[in-house]
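Let me begin by presenting the structure, written as C-alpha cells, before commenting on it.
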Amino acid sequence: MPHSTSPHAVALVVDGYSTGQFYPVALKKKGLRPVHVSSGAERNSPGLREYVNHYTEKLRSDYEVVINDWQDLGDLKQRLSGLKPMYVLAGCETGVEMTDILAEELGLPGNGTATSAARRDKLAMHRILAAHGLPHLASLATEDWEEALAFAAGLGSWPVVVKPLRGAATEGVRLCRSPEELRAAFNALVGSTTMFGERNGRALIQQCAIGREFAVNTISRDGRHVLSDLWEYSKIPSPGGAPLYDRTMLVRDLGEEHHGVIDYAFKALDALGVRIGPAHTEIMLTDRGPVLIECGARPMGGAFPQYLFMEALGHTQVQWSVDSYADAQAFAAHAAEPYRPVRALWIKSLISTREGAVRSIPGIALAARLPSVREGNFLEVLASGHLPRTVDFVTSSAHLFLCHADEAVVEADWATLREMEIEAQNELFELSPDAALETDDDWFAHVPDEQWLKPEEAAPGDADIIWRALGLSPGERVLDCPCGDARVGIHLARRGAVLTGVDINPRFIERARERFAECGLDGEFRVGDMRELAEREAFDAIVNWFDSFGYFDIEDDFEVLRRFAGALRPGGRILIESPSRIGILRNISYSCKDDGKPVGTVCWDEVTERLVTRFQVSGPAGQREVSSGMRVYSLAQYKLLLRLAGLELAHVYSEDLKEFSETSRRMIMVAVKPA
C-alpha cells in the first residue's frame, strides 16, 4: 500500500528529463518536496552526459536537492535515507530500473525488482506475456546473423522488425522486407550503442505486427489501472528504416475496438507487474486483435506542453501519477471519471527529407497562420543550426501541437503541414546554399533600370492579359506593385482602372508620374517597399507582374503576400506572374569549375530553389559583380503560401492566358480573398 502523505514529505524523481521535467510542479502542489536523483545512465553515454549537464541548472532551480555524484548503491541509499523519502518516481525510460531498486531498498511503494528488467527488455517483456497466455510477438535476441536469418525465415512472412532490446523512440528500429534488408539492419545494430549509452550486443528480431497503433497512457494504484489518455499513431514507411512518426492523435470517442485495446493493455500491465504509477503502453490493433509492441513504466515521453493536455483532457498523466502515490482519494475520483476529452489534440512530427545548415526557419511563421497550431518545438534545430534527415522519432526536425474544439479544423491544418513536407520543404526549413552560390541580400537594388523593364511595345498586350485575367471593370481600384515606370499601368488606367503604383525605385516613380501627367490621367504613385505595404482593404485588385515575386527570404516573401492580402477588400483578386519552374529546370543546369565557382552567369540552386544570376554593375568604386538570387516557387508552393496568407488560388494560366501545363514557360496566377 502507498504511504499516506505527511506535510513536507520528500518525493524522489529519478532522471527527471523528458516529461519527467513536469514532476516538480505537480509534487509541490501536493505539498511534497522534490529531490532529483540521477540513475547514472549518463555515465555510459557522452551524448546523454552532455544533455544531463545542460539540464543541471534547471534541475537545481526545480528541486530542493540534486544528487548525481553518488559512488555506488550503498552510498546512494545512505544519502537518501537521511532525507526520509516517501515516494520515488521514474521521470523517463532511463530511470525505470533505478526507481524499482530504490523503492525496494528504501521500503517505498513500487513495482518491485522481480519483473523490473522485463519492463525495459523487450524480449523478456514478450516472454512474460506468453507465460500469461496473452497475445505477443514471436521474438529472438541474437548476435549471430545466420540464427537471425533462420528465425526470420521461419516466421513465414516478411517484413520482420529489427530493434534494440532496450531502446526507445524508434531508435535503431528497422522494418526489413527481405534478407538483404535484414542483414543490413542487423549489422548496423549489433555492436552499436543506444542513446542511453548501452551497447547493443544482440539484435532483437521480431514478428511484424501490422495494423493500427495506439498508445495507452495509464496510472495505477494497488494494481488497479485507470486510463489517463489514449492516442493513435499515424506513421509513414521509410525505405529500409523505421516507420516515421507523422501525427499522434488523441482519441476522443471510445468505440468497441478502443475498449478492446484498453482491456488488453490492463492485462499486459498486470503481467508485467505494474502496480503503481504511470505507464506508457504501445499496442498494435491487428486483424487478430491487439498485441503489445512495448511498455514503459513511466509517463509518455516528449515533454509536450502540459497546458494543452489540460485543455483537452482536464488533467495530465503527470498530475494523476503523483496522485497515484500520494492521494488515494484523488486517485479514486479519477477512476470514477468518464473518459471524455473536450478538444481535439494532435501532435505533428515534422519529417525532413533533406539535411544541412539552416539559414532560417520560415515554418515557424507559416505554421502560426494555421488556426489550430498552438505551439511548436523547434529547439533542437534552433540550437544546433543543423537540420537532420528524419530517420526516426529522435531525428524529427520539430513537433507542432494542434488543438481545437473542431477536429475537422485540426485535420485540415495537419493536411496543410503534410503538404508542406511533400511539396515545400524549404518553406519549413530554409537551408544555407553552397558557398559558391551565395547571393547578395540587396541584389535587387543594384540591377540596372533597363533590366527591370520589358519593351514599351509589349505593354499594351500585357495590360490586356492583366485586364482579362482579373476580370477588371472601369472604376475598380487597382494596386500595381512593383509598378516600374507605369508602362503597363498607364494602359490599365486608360481602360478606367483607378491606379495606385508602388515601387522601391524613385526613378521609376518619377517617370510614372510624368507619364500620367502627360496623358492627363489620375494616378497615385509613391516610393515604397512591398514588404511594408500598409493599406487595409483598399483595393479591388493587385497586380504583381513580370517576375516581381521571390526577391527575399521565404519569410519576407510570405510577408509580401500577407500584406497584399490585407490590402485587398473581401472578394478582391490578385494576379502574380512568374516563370514556370519546370521550364527553368528544363533549360538550366548547374556545374562548377575546379575552383568551386559556377560555370556561366545563370544557374539553378537546388538547395535554396533560387535562380542565381551574376552580372557586372558600375559604381563609384568601379566595376563590381553582383550575385542575384530570385526564388522561383513551384505552383504547389504558391498554392500553399497563398492559402496561408488568406488567399485562394482560382486560376492558373500560361502565357497569353492559355491553359497551363508542364511545358508552359510562365505562370499567370489569379487568387481571390474570400468574401
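The values are calculated or read from the model by the stated rules, or taken from the named source; none is laboratory data. Keep in mind the model is a prediction, meaning the values are calculated, not measured. Positions of Cβ are backbone-derived with ideal geometry, glycine not excepted, and every protein chain shown enters the neighbour counts.
Condition (residue is touching a residue at least 12 places away in the same chain (Cβ under 8 Å), hydrophobic (A, V, I, L, M, F, W, C) and buried (at least 18 other Cβ atoms within 10 Å of the Cβ)) applied to region 232-240: is it met by at least one residue? Before you say what the answer is, go through the steps one by one.
Here is the first cut: in region 232-240, the ones touching a residue at least 12 places away in the same chain (Cβ under 8 Å) are 232-238, 240.
Narrowing further to those that are hydrophobic (A, V, I, L, M, F, W, C): 236.
Adding the requirement that they be buried (at least 18 other Cβ atoms within 10 Å of the Cβ) leaves none.
No, every residue in region 232-240 fails to be touching a residue at least 12 places away in the same chain (Cβ under 8 Å), hydrophobic (A, V, I, L, M, F, W, C) and buried (at least 18 other Cβ atoms within 10 Å of the Cβ).
Which of the residues that make up region 520-535 are of a type in the set (Gly, Ala, Ser) and either touching a strand residue (DSSP E or B) at 6+ places or on another chain (Cβ under 7 Å) or outside the structural domain of Val502 (by TED's automatic domain parsing) (or both)?
Within region 520-535, Gly523, Gly528 qualify.
All but one of (1) touching a residue at least 60 places away in the same chain (Cβ under 8 Å); (2) part of a strand (DSSP E or B); (3) not aromatic (Phe, Trp, Tyr) hold for Thr613; which doesn't?
Evaluating Thr613 over (1) touching a residue at least 60 places away in the same chain (Cβ under 8 Å); (2) part of a strand (DSSP E or B); (3) not aromatic (Phe, Trp, Tyr) leaves (1) as the failure.
How many of the residues making up region 629-675 are hydroxyl-bearing (Ser, Thr, Tyr) and either under 31 Å from the mean Cα position of the chain (by Cα) or on the phi > 0 side of the Ramachandran plot (or both)? Show your work before the answer.
First pass over region 629-675, keeping only residues hydroxyl-bearing (Ser, Thr, Tyr): 633-634, 638, 653-654, 661, 663-664.
Going one step further and asking which of them are either under 31 Å from the mean Cα position of the chain (by Cα) or on the phi > 0 side of the Ramachandran plot (or both), we end up with 633-634, 638.
Total satisfying the criteria: 3.
Hey, among the residues in region 242-282 that are among the hydroxyl-bearing types (Ser, Thr, Tyr) and modelled with pLDDT of 95 or more, which one's surrounded by the most Cβ atoms within 10 Å (Cβ to Cβ)?
Here is the first cut: in region 242-282, the ones among the hydroxyl-bearing types (Ser, Thr, Tyr) are 245, 248, 264, 281.
Now restrict to residues that are modelled with pLDDT of 95 or more: 248, 264, 281.
Numbers: Thr248: 22, Tyr264: 22, Thr281: 26.
Taking the candidates together, the pick is Thr281.
Before we move on, is Gly191 crowded, with 16+ Cβ neighbours inside 10 Å, under 34 Å from the mean Cα position of the chain (by Cα) and in a loop (DSSP other than H, G, I, E, B)? Give the steps one after another, and end with the answer.
Details: crowded, with 16+ Cβ neighbours inside 10 Å: no; under 34 Å from the mean Cα position of the chain (by Cα): yes; in a loop (DSSP other than H, G, I, E, B): yes.
So Gly191 fails the test.
Asp75: buried (at least 20 other Cβ atoms within 10 Å of the Cβ) and either of a type outside the set (A, V, I, L, M) or under 28 Å from the mean Cα position of the chain (by Cα) (or both), yes or no?
Values: buried (at least 20 other Cβ atoms within 10 Å of the Cβ): no; either of a type outside the set (A, V, I, L, M) or under 28 Å from the mean Cα position of the chain (by Cα) (or both): yes.
So Asp75 fails the test.
Does region 405-421 hold any residues that are farther than 17 Å from Val342 by Cβ and either crowded, with 20+ Cβ neighbours inside 10 Å or polar (S, T, N, Q) (or both), and which are they?
Matches in region 405-421: Asp413, Trp414, Thr416, Leu417, Met420, Glu421.
Condition first: without any contact (Cβ under 8 Å) to a residue 40 or more places away in the chain, over 22 Å from Ala11 (Cα atoms) and of a type outside the set (D, E, K, R). Can you find one or more residues in region 279-298 that meet it? Don't jump to the end; show me each part of the working.
So the first thing to find is which residues in region 279-298 are without any contact (Cβ under 8 Å) to a residue 40 or more places away in the chain, and the list is none.
Within region 279-298, not a single residue is without any contact (Cβ under 8 Å) to a residue 40 or more places away in the chain, over 22 Å from Ala11 (Cα atoms) and of a type outside the set (D, E, K, R).
Can you name the number of the only condition in (1) modelled with pLDDT of 95 or more; (2) more than 27 Å from Thr115 (Cα to Cα); (3) touching a helix residue (DSSP H, G or I) at 6+ places or on another chain (Cβ under 6 Å) that Ala90 fails?
The one condition Ala90 does not meet is (2).
Scan the helices (runs of 4 or more DSSP H) fully inside region 437-520 and keep the ones with 1 or more residues being crowded, with 17+ Cβ neighbours inside 10 Å and modelled with pLDDT of 95 or more. Break it down into steps so the answer makes sense when it comes.
Values: elements: 449-452, 459-470, 489-494, 506-519.
In region 437-520, the matching helices (runs of 4 or more DSSP H) lie at 459-470, 489-494, 506-519.
Residue pairs, Cβ under 7 Å, 6 or more apart or interchain, first in region 174-190 and of a type in the set (Lys, Arg), second crowded, with 19+ Cβ neighbours inside 10 Å. List them.
Arg174/Val162; Arg174/Ala185; Arg174/Ala242
Scan region 200-214 and tell me whether some residue there is under 18 Å from Gly296 (Cα atoms), of a type outside the set (Asp, Glu), at pLDDT 90 or above and under 26 Å from the mean Cα position of the chain (by Cα).
yes
Have a look at Asp540, Asp529 and point out the one that is charged (D, E, K, R) and either touching a residue at least 60 places away in the same chain (Cβ under 8 Å) or touching a Ser or Thr at 6+ places or on another chain (Cβ under 9 Å) (or both). Spell out how you get there, then give the answer.
Values: Asp529 fails: either touching a residue at least 60 places away in the same chain (Cβ under 8 Å) or touching a Ser or Thr at 6+ places or on another chain (Cβ under 9 Å) (or both).
Unique residue meeting the criteria: Asp540.
Tally the residues that are within 24 Å of Leu204 (Cα to Cα) and either buried (at least 18 other Cβ atoms within 10 Å of the Cβ) or under 34 Å from the mean Cα position of the chain (by Cα) (or both), restricting the search to region 95-123.
Narrowing region 95-123 to residues within 24 Å of Leu204 (Cα to Cα): 95-98, 113-123.
Those still in the list that are either buried (at least 18 other Cβ atoms within 10 Å of the Cβ) or under 34 Å from the mean Cα position of the chain (by Cα) (or both) too: 95-98, 116-123.
Looking only at that region, the number is 12.
Mind listing whichever residues of region 253-267 are assigned to a helix (DSSP H, G or I) and out of contact with any strand residue (DSSP E or B) (no Cβ under 7 Å at 6 or more places or on another chain)?
Answer for region 253-267, where residues must be assigned to a helix (DSSP H, G or I) and out of contact with any strand residue (DSSP E or B) (no Cβ under 7 Å at 6 or more places or on another chain): Glu256, His259, Asp263, Lys267.
For Gly566, only one of the following conditions fails: (1) crowded, with 20+ Cβ neighbours inside 10 Å; (2) over 19 Å from Met630 (Cα atoms). What is its number?
Checking Gly566 against (1) crowded, with 20+ Cβ neighbours inside 10 Å; (2) over 19 Å from Met630 (Cα atoms), the one that fails is (1).
Would you say Glu213 is crowded, with 17+ Cβ neighbours inside 10 Å and closer than 30 Å to Leu313 by Cβ? Walk me through it before giving the result.
Working: crowded, with 17+ Cβ neighbours inside 10 Å: yes; closer than 30 Å to Leu313 by Cβ: yes.
Yes: the conditions hold for Glu213.
Filter region 177-204 down to residues that are among the acidic types (Asp, Glu) and out of contact with any Gly (no Cβ under 6 Å at 6 or more places or on another chain) and give me whichever is farthest from Pro164 (Cα to Cα). Break it down into steps so the answer makes sense when it comes.
From region 177-204, those among the acidic types (Asp, Glu) are 180-181, 198; that's our starting set.
This time we only want the ones that are out of contact with any Gly (no Cβ under 6 Å at 6 or more places or on another chain), so: 180, 198.
On the way: Glu180: 19, Glu198: 10 Å.
For region 177-204, the residue satisfying everything is Glu180.
Would you please name the residue that is nearest to Asp540 (Cα to Cα), looking only at residues in region 658-670 that are in contact (Cβ under 8 Å) with a residue 24 or more places away in the chain and surrounded by fewer than 14 Cβ atoms within 10 Å (Cβ to Cβ)?
Arg665
Quickly run through region 618-657 and pick out the residues that are surrounded by fewer than 16 Cβ atoms within 10 Å (Cβ to Cβ), under 23 Å from Glu421 (Cβ atoms) and aliphatic (A, V, I, L, M).
Ala636, the sole residue that qualifies.
So for region 553-575 (the condition being at pLDDT 95 or above, among the small types (Gly, Ala, Ser) and either part of a loop (DSSP other than H, G, I, E, B) or within 24 Å of Ile361 (Cβ to Cβ) (or both)), does at least one residue qualify?
Looking through region 553-575, at least one residue is at pLDDT 95 or above, among the small types (Gly, Ala, Ser) and either part of a loop (DSSP other than H, G, I, E, B) or within 24 Å of Ile361 (Cβ to Cβ) (or both).
Right, Ser234: of a type in the set (Gly, Ala, Ser) and outside any strand (DSSP E or B) or not? Walk me through how you get there before you give the answer.
On the way: of a type in the set (Gly, Ala, Ser): yes; outside any strand (DSSP E or B): no.
So Ser234 fails the test.
Residues of region 550-579 being farther than 18 Å from Trp443 by Cβ and β-branched (Val, Ile, Thr), which ones?
Matches in region 550-579: Ile574, Ile576.
Results for (1) closer than 28 Å to Glu625 by Cα; (2) of a type outside the set (Gly, Ala, Ser); (3) out of contact with any Asp or Glu (no Cβ under 8 Å at 6 or more places or on another chain), shown as yes or no for each residue.
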{"site": "Asp464", "(1), (2), (3)": "no, yes, yes"}
{"site": "Leu470", "(1), (2), (3)": "no, yes, yes"}
{"site": "Gly475", "(1), (2), (3)": "no, no, yes"}
{"site": "Arg507", "(1), (2), (3)": "yes, yes, no"}
{"site": "Leu521", "(1), (2), (3)": "no, yes, yes"}
{"site": "Ala534", "(1), (2), (3)": "no, no, yes"}
{"site": "Ala541", "(1), (2), (3)": "no, no, no"}
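Hey, does region 535-549 have a residue that's aromatic (Phe, Trp, Tyr) and surrounded by fewer than 19 Cβ atoms within 10 Å (Cβ to Cβ)? Before the answer, list the steps.
Going through region 535-549, the residues aromatic (Phe, Trp, Tyr) turn out to be 539, 545-546, 549.
This time we only want the ones that are surrounded by fewer than 19 Cβ atoms within 10 Å (Cβ to Cβ), so: 546.
Looking through region 535-549, at least one residue is aromatic (Phe, Trp, Tyr) and surrounded by fewer than 19 Cβ atoms within 10 Å (Cβ to Cβ).
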